[in-house]
1. Kindly establish whether Leu188 is assigned to a strand (DSSP E or B) and modelled with pLDDT of 90 or more.
2. Consider His175 against the criteria (1) in a helix (DSSP H, G or I); (2) surrounded by 12 or more Cβ atoms within 10 Å (Cβ to Cβ): it satisfies all of them except one. Which criterion is unmet?
3. Evaluate the following for Arg142: is it surrounded by fewer than 15 Cβ atoms within 10 Å (Cβ to Cβ), within 17 Å of the chain's Cα centre (by Cα) and of a type in the set (Lys, Arg)?
4. Select from segment 100-121 the residues that are touching an Asp or Glu at 6+ places or on another chain (Cβ under 9 Å), assigned to a loop (DSSP other than H, G, I, E, B) and in contact (Cβ under 8 Å) with a residue 40 or more places away in the chain and list them in ascending order.
5. Restrict the check to segment 122-139 and report whether at least one residue is touching a residue at least 24 places away in the same chain (Cβ under 8 Å), part of a strand (DSSP E or B), more than 30 Å from Leu54 (Cα to Cα) and not polar (S, T, N, Q).
6. For Leu67, only one of the following conditions fails: (1) under 29 Å from Ser194 (Cα atoms); (2) part of a strand (DSSP E or B). What is its number?
7. If you scan segment 22-58, which residues turn out to be at pLDDT 90 or above, in a loop (DSSP other than H, G, I, E, B) and open to solvent by less than 40 Å² (accessible area, probe 1.4 Å)?
Amino acid sequence: MNSASITFCPSCGESVERAEIFDAHAEGFRCQNGHYLHNLRSGVYTSETMGSYLNLTSGKESPKDILKEWLTNARLRDHLNDNLAGILRFLLDHENGKAETKEPLKYTYCPSCGEKLGDVTPEEELYETVLKCKNSHTFLSRGGMHAPGSEERFSFDYDERYFRMSYLSWMENKHLANYFPHELRKALNSYRNSPICDCLGEGKGRDEIK
């Protein structure tokens, strides 16, 4: 899928326009009903250089500036796991007053023409859902959308529930340590005592993650 084919919102079918996004690897979009989406343009190098980038630093001091630098500086973003990047974007967007959805949005309309999508997944397909509109635009869906043969994945921005789950996973799951730059871990940990993390539903009395 390329950006020219992202014309309509997959959730409501309304037209979309470009929107600012803190991510050197993504294009941002917003529909008339306020649904935000992004298109990741390239992959990251974490699988090839796992652990070698953990001591990289942004040269910034405040947690907000550190998060923004890791997202917008290609030298750093190239080594940032995409799931972790989504957490950083959510926090920055929240601080900037962008409204988030409470629950995941569904892929109901064709992003190319705005027509309703139908599930045409073959019985033998167990990995991805195959969606097709009456104009024969076809997309594969599993945690996002992409056209067959395309490496670019089109997704809705994080909803609060997914952010909460992902944030806690990165902060507490030791298996993710080899993908979690030390500077970012410290910066994200500082948000636990910030009003922005009220949406986590954790409570401020929780012990701080070391």
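1. On the way: assigned to a strand (DSSP E or B): no; modelled with pLDDT of 90 or more: yes.
Spelling it out, it is not the case that Leu188 is assigned to a strand (DSSP E or B) and modelled with pLDDT of 90 or more.
2. Failed condition: (2).
3. Working: surrounded by fewer than 15 Cβ atoms within 10 Å (Cβ to Cβ): yes; within 17 Å of the chain's Cα centre (by Cα): yes; of a type in the set (Lys, Arg): yes.
When the stated conditions are applied, Arg142 passes them.
4. Glu100, Thr101, Lys102, Glu103, Pro104, Leu105, Gly114
5. yes
6. Here Leu67 meets the rest and fails (2).
7. Scanning segment 22-58 gives Phe22, Asp23, Ala24, His25, Gly34, His35, Leu54, Ser58.
The values are calculated or read from the model by the stated rules, or taken from the named source; none is laboratory data. These numbers come from a predicted model, not from an experiment. All Cβ positions, glycine included, derive from the backbone under ideal geometry; neighbour counts span all protein chains shown. What goes into the accessible areas is simple: the full protein's heavy atoms, side chains included, and nothing from ligands, DNA or RNA. Shrake-Rupley method; radii C 1.70, N 1.55, O 1.52, S 1.80 Å.
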